[in-house]
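Here is the structure we will look at, set down as structure tokens.
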Amino acid sequence: GQTTQREFDVVFPTTGPHAVHVELPPDSLDSDNRRYLAFTIPDSHAVLIVSGQATSGESESLRDALAPAPGLTGFAPTIESLEALRRQPLERYQSLFLVNTPDLPADVVRLLEQYVRSGGGLVWFSGDQTRPAFVNKSLYKADGTGLYALPVASVADLARDETNPAADISFGSHPAFRIFQGDENPFVETVAVNRYFSAAEGWEATPGVQVIARLRNGAPLFLEHRLGAGVVITCLSSCGGSWS
């Protein structure tokens, strides 16, 4: 007369079709003791990087980080212009990265909202083409139903402080940043952030919005929030060397 749940991991050594068979010990009702699941593990996960500039070393750096060698990470990133968001079904991509994009047309914003609500992952990287007025009006929604985690104010400089030995970035306990925790990866100590977008005055994280990394001065840098079945990551600095 009771219900219980159990979670377990199943690791498959190869891609392609697989089947899972789960069985419980025999009891008085044998017919419900077995369940089967068939599915296919793809060779790679398609990722779309949308660049706001015709030539952008930032997008190339992101592509190389996601897939430094074929087959190494399981990601297959491609770089496209903004028009790619209209030309093809977005559901074929596991995640979208929008790198320093300008104002987006209203129909593209709707496509992105549908994509995320259906379970897609979206990452924003800021830059000199990011316009706060557009972000605050068309992407951020105070009730938490928008594509941006917070309203932004203006570009700010992270002042150098020779008396403060802390790294420019402090990562929270988030799975994406697990490798930066503790002293095992000193790389973060060498990362310098020069410019970023400051949060609008008086902004405080609403329920469902999580600050997952901060700058040395306490300002938010990376934020995560959910929209429908999907997840949005917002970075308030650049993806490459222009601001960091």
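Every number in this text was worked out from the coordinates using simple rules, so none of it is lab data. Quantities reported herein were computed from a predicted structural model and do not represent experimental measurements. With ideal geometry, Cβ positions are generated from the backbone for all residues, glycine too; neighbour counts draw on all protein chains shown.
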- Note, ³J(HN,Hα) from phi for region 82-90, Karplus 6.51, -1.76, 1.60, rounded to Hz, x at Gly and Pro: 4, 4, 4, 5, 9, 7, 9, x, 6
- Distance between Cα centroids, region 60-98 to region 174-241: provide it in whole Å. 21 Å
- GNM on the chain, C-alpha springs below 10 Å: top fluctuator among Val22, Val123, Val152? Val22
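Which length gain, in nm to one decimal place, applies between Glu204 and Phe39 when the Cα-Cα distance is subtracted from 0.36 nm times their residue separation? Don't jump to the answer; show the numbers that get you there.
Numbers: separation 165, 0.36 × 165 = 59.40 nm, distance 4.24 nm.
Extra length available between Glu204 and Phe39 comes to 55.2 nm.
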- Item | Inter-label distance for Ser154 and Ser242, nm, one decimal - labels placed 7 Å from Cα along Cα-to-Cβ | 1.9 nm
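How high is the FRET efficiency from Leu29 to Ala229, r the C-beta distance, R0 41 Å, rounded to 0.05?
0.75
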- Note on the structure: Within the set Gly208, Gly120, Gly146, GNM on the chain using Cα springs under 10 Å gives the largest fluctuation to Gly208
- Query: Do any chymotrypsin sites (Phe, Trp or Tyr not before Pro) in region 3-88 lie in a DSSP loop with no more than 11 other beta carbon atoms within 10 Å, and if so, which?
  - Reply: Phe8
- Message: For the chain, set up a GNM with springs between Cα atoms under 10 Å and report which of Asn164, Asn185, Asn33 has the largest fluctuation.
- Response: Asn33
- Query: Out of these labelled values of mean projected area of the Cα convex hull in nm², [x] 20.7; [y] 17.4; [z] 18.0, which was calculated from the coordinates shown here?
  - Reply: [z]
